[in-house]
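> Okay, here's the structure, questions in a sec.
All of the numbers you see were taken from the coordinates with simple rules; none came from a lab. Computed from a predicted structure; not experimentally measured. All Cβ positions, glycine included, derive from the backbone under ideal geometry; neighbour counts span all protein chains shown.
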């Protein structure tokens, strides 16, 4: 398998920029809707380290009995959120193969 094709796809669709921008939008939306900070404690968001960690291609519904299915193959980008050397969690953005964003999530540690 040639993973360079996935790298070219990710670069062509600006996956790194889309993921980082999506993370900030996710945080802003949460704080506006909930009226409280996204992170607990005294976190200076300007000091968060955000570096795209990986991009993965997923074959959806390998088995027709799969528990959860989107109905199409997709790509996920992984963005660890680091503050003062501590991993606060991972933001994930989901893309269709044409580059369209269709979901995102944050998993705290």
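> Go through the range 69-109 and tell me which strands (runs of 3 or more DSSP E), entirely inside it, have 2 or more residues that are without any contact (Cβ under 8 Å) to a residue 24 or more places away in the chain and either more than 15 Å from the chain's Cα centre (by Cα) or within 12 Å of residue 18 (Cα to Cα) (or both).
86-96
> Which condition does residue 63 not pass, out of (1) outside any helix (DSSP H, G or I); (2) crowded, with 16+ Cβ neighbours inside 10 Å; (3) over 15 Å from the mean Cα position of the chain (by Cα), if it passes all the others?
Tallying (1) outside any helix (DSSP H, G or I); (2) crowded, with 16+ Cβ neighbours inside 10 Å; (3) over 15 Å from the mean Cα position of the chain (by Cα), residue 63 fails exactly one: (2).
> Could you list, in sequence order, the residues of the range 48-60 that are surrounded by fewer than 16 Cβ atoms within 10 Å (Cβ to Cβ) and either touching a helix residue (DSSP H, G or I) at 6+ places or on another chain (Cβ under 8 Å) or assigned to a helix (DSSP H, G or I) (or both)?
First, pick out the residues of the range 48-60 that are surrounded by fewer than 16 Cβ atoms within 10 Å (Cβ to Cβ): 49-51, 53-54, 56, 58-60.
Within the range 48-60, just 50 meets the criteria.
> Which one is surrounded by the fewest Cβ atoms within 10 Å (Cβ to Cβ), of the residues in the range 1-47 that are assigned to a loop (DSSP other than H, G, I, E, B) and touching a helix residue (DSSP H, G or I) at 6+ places or on another chain (Cβ under 8 Å)?
The residue in question is 37.
> Report, ordered by the first and then the second residue, all pairs with beta carbons closer than 9 Å, sequence separation of six or more or different chains, a first member in the range 11-31 that is in contact (Cβ under 8 Å) with a residue 40 or more places away in the chain and on the phi < 0 side of the Ramachandran plot, and a second member that is surrounded by 11 or more Cβ atoms within 10 Å (Cβ to Cβ) and part of a helix (DSSP H, G or I).
Here the result reads 15/9; 16/10, each pair linking the range 11-31 to a residue that is surrounded by 11 or more Cβ atoms within 10 Å (Cβ to Cβ) and part of a helix (DSSP H, G or I).
> Those residues that are more than 18 Å from the chain's Cα centre (by Cα) and either closer than 15 Å to residue 100 by Cα or without any contact (Cβ under 8 Å) to a residue 24 or more places away in the chain (or both), I need them from the range 45-57; list them, please.
46
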